[in-house]
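**Student:** Pasting in a structure now, in structure tokens, and then I'll have a few things to ask.
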Amino acid sequence: MANNNIEIEIKIPLDENVFFQIKEKLQKIAKFVKRSEQIDEYFTPLHRNFLDPKFPFEWLSIRRRGDKIFLNYKHYYPENVETTTHCDEFETEIKNYDQLVKIFSVLNFKKLVTVEKEREIFNYNDEFEIALDRVKDLGLFMEIEAIKDFGSVEETRKKLFEFAKSLGIDISKTEKKGYPYLLMKKKGLIK
């Protein structure tokens with residue numbers, strides 16, 4: 001969840017052994033928050049296809065979190081580059097999924113991909129939210145998101161990487177793209 005509508009996080013793919021080692025460490029040093037199944041459906045308006053840039057920087061999704069549904073929009077910065085630093089994130093709860101899908105259809109929005117994941121969330125000192133994700137068709141990942149304001153985007157990213165290193169993570173493996181991009185690439189929807 002974004003802090004003041006700005007999200008700053010890093011995502012790192014993990015092999016199974018490292019995934020379980022990190023989980024054990026987090027159980028000792030962080031507070032377990034919750035476990036959930038999440039389904040995110042990604043859409044693009046056909047009049048302004050979010051996939052047109054070489055490096056897409058906008059995402060629109062319908063997120064299902066248990067019995068709640070959210071409309072979410074993210075805009076990454078800098079735009080149209082391989083490595084982004086942060087994003088604007090706007091989200092609001094939706095009461096009627098079917099009606100929203102009908103609105104998208106009438107407005108000529110095309111569904112791109114559905115990301116399904118099992119997520120375990122931990123909180124470290126009210127500074128970081130750590131998510132251990134099992135993403136269908138993609139594998140195991142860890143996301144670390146700043147929930148404390150560390151000042152600038154640069155300082156916050158520095159703190160994220162320092163925390164990842166303290167967990168024993170090889171930060172050179174940081175994934176530059178999000179789950180929708182990775183899934184579309186795997187399915188041949190993005191070259």
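**Student:** Relative to the compact-globule scaling 2.2 N^0.38 Å, provide the ratio for the alpha-carbon radius of gyration of the range 142-191.
**Tutor:** In units of the 2.2 N^0.38 Å rule of thumb, it is 1.42.
**Student:** If Lys and Arg each add +1 and Asp and Glu each add -1, what is the summed charge of the other residues whose beta carbon sits under 15 Å from the beta carbon of Lys191?
**Tutor:** +3
**Student:** Then there's this: Quick one: net charge of Gly139's neighbours, Cβ under 10 Å, K/R +1, D/E -1?
**Tutor:** -2
**Student:** I would also like to ask the following. Averaging the inverse of every distinct alpha carbon separation and then flipping it gives the Kirkwood radius. What is it for the chain, in angstrom units?
**Tutor:** Averaging 1/r across every pair of different Cα atoms and inverting gives 17.4 Å.
**Student:** In whole Å, what is the distance between the alpha-carbon centres of the range 144-191 and the range 49-80?
**Tutor:** 16
**Student:** Go through the range 43-76 and name the trypsin sites (Lys or Arg not before Pro) that are in a DSSP coil and have 15 or fewer other Cβ atoms within 10 Å of their Cβ.
**Tutor:** Filter output for the range 43-76: Lys54.
**Student:** Ratio to report: Rg/Rh of the range 110-172, with Cα atoms as the point set and Rh obtained by the Kirkwood method; give two decimals.
**Tutor:** That ratio equals 1.05.
**Student:** Related question: For each of Phe161, Phe50, Phe32, count neighbouring Cβ atoms within 10 Å of the residue's Cβ, then give the residues from fewest to most.
**Tutor:** If I rank by nearby Cβ atoms, fewest first, I get Phe32, Phe161, Phe50.
Since every read-out is calculated from the coordinates, none of them should be taken as a lab result. Being a predicted model, the structure only gives us computed values, none of them experimental. Backbone-built Cβ (ideal geometry, glycine too); neighbour counts: all protein chains shown.
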